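What follows is one structure encoded as structure tokens, with my remarks underneath.
The values are calculated or read from the model by the stated rules, or taken from the named source; none is laboratory data. The shown structure was predicted, so the numbers you read here are calculated from the model rather than taken from an experiment. Glycine also receives a Cβ, built like all others from the backbone with ideal geometry; neighbour counts cover every protein chain displayed. Only protein heavy atoms, including side chains, enter the accessible area calculation; ligands, DNA and RNA are left aside. Shrake-Rupley method; radii C 1.70, N 1.55, O 1.52, S 1.80 Å.
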Amino acid sequence: MFEVKPMTGTIGAEIEEVDLKQPISKPLAEAMRKALQSYQVIVFRGQHLDLTAQKRLTAVFGPIMRLPYVTPTETDPEVIAVLKEASERNVGVFGGDWHSDFSFLENPPAGSVLNAVEVPEYGGDTVWASQAAAYDALPPQLREIVEGRDAIHVGKPYGVKYAPPEETRAGGSIRMTRGDPLADREIRHPAVYEHPESGRKALFLNPIYTTRLDGMTDEESAPVLEAIYKHCIRPDFCCRLRWTPGTVAVWDNKMTLHYAVNDYDGVRRLLYRTAYADPA
Ligand code: SIN
């Protein structure tokens, strides 16, 4: 059906010989879902997709989901432009810390799609860390703490209680709604996610949004979470994508963390982003 070239021994694969501008057949869709299940991040080069084709690809993995708090494009409320202008220097970027997307929602996105339009010749990579690999290699004393336990997530950057200082916020081209008291609600999810089809387990803890482990205070949780975060972004669990115009990546948001590398001041970078929910 297509060629699969793993990016590392742990996570990520490039999928070759697929033209996503064409209609996606049921067998192709099924094969792509299986590839995502195996590799957690799948990458297609040279696609140059318009937004219609991007959304058709996104819908292969689940119903398209509108993300809250981030202002979408003017033309399509289901699409976010991840943009940093060449003039934006010394600013934080969208996604420039290890995280999974919106884990503070009751139903976080199942996954996301990024479609590169304009990217630096070098720099501006995205890195993903397999939280399945991190779970598999978790030291027993940490595994004992998280297994069967919920973690508490709060939409800190968007709420009131934990509002970040102005200077640490992401740069100007991405507009976010902030100061929503509803984002301060505590939402719980199992600290260990189990993939509904494969049964594979993954850590589901979020350096941005997880405030504590259930049954423990913030103070008691902090050293445990710190030890887990140190472990779960080990290079052994990561793949790093160098973007080229037309590259498209799809990832599983529940099985991975990701990080946008901010090393390209002075160069414009634009990718379109869509997200999908778990199938109904
Ligand atoms: C994100 O979705 O977190 C941003 C990823 C990127 O811009 O590389």
Worksheet item: Just the accessible area per residue of the chain, please: how many Å² with a 1.4 Å probe?
Response: 46 Å²
Fill in: Environment charge at TYR69 (Cβ cut-off 10 Å; Lys +1, Arg +1, Asp -1, Glu -1)
+1
Worksheet, complete the sentence: Expressed as a percent, the accessible surface of the chain that is carbon or sulfur, using a 1.4 Å probe and the full set of protein chains, is 51 percent
Practice prompt. Just add up the charged neighbours of GLY46: K/R +1, D/E -1, any other residue whose Cβ is under 13 Å from the Cβ of GLY46.
Written response: -2
Fill in: Extension gain, ALA31 back to THR71 (0.36 nm per residue minus Cα-Cα distance, nm)
11.1 nm
Fill in: Spherically averaged projected area of the chain from its Cα convex hull (nm²)
14.3 nm²
Discussion item. Using amide H atoms built in the peptide plane, which far-off residues or other-chain residues are under 5 Å from ASN253 H to H?
Written reply: GLY111, SER112
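Relative contact order of the chain, please, whole-number percent, based on alpha carbon pairs below 8 angstrom and at least 6 residues apart. Walk me through the intermediate numbers first.
Numbers: 622 pairs, mean separation 103.1, N = 280.
Relative CO of the chain lands at 37 percent.
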Practice prompt. Post the alpha-carbon centroid distance, region 209-280 to region 12-52, in whole angstrom.
Written response: 21 Å
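Would you mind counting up the charge near LYS5? Only other residues with Cβ under 11 Å from its Cβ, with Lys and Arg at +1 and Asp and Glu at -1.
Numbers: positive: ARG45; negative: GLU3, GLU14, GLU16, GLU17.
Summing Lys and Arg as +1 and Asp and Glu as -1 gives -3.
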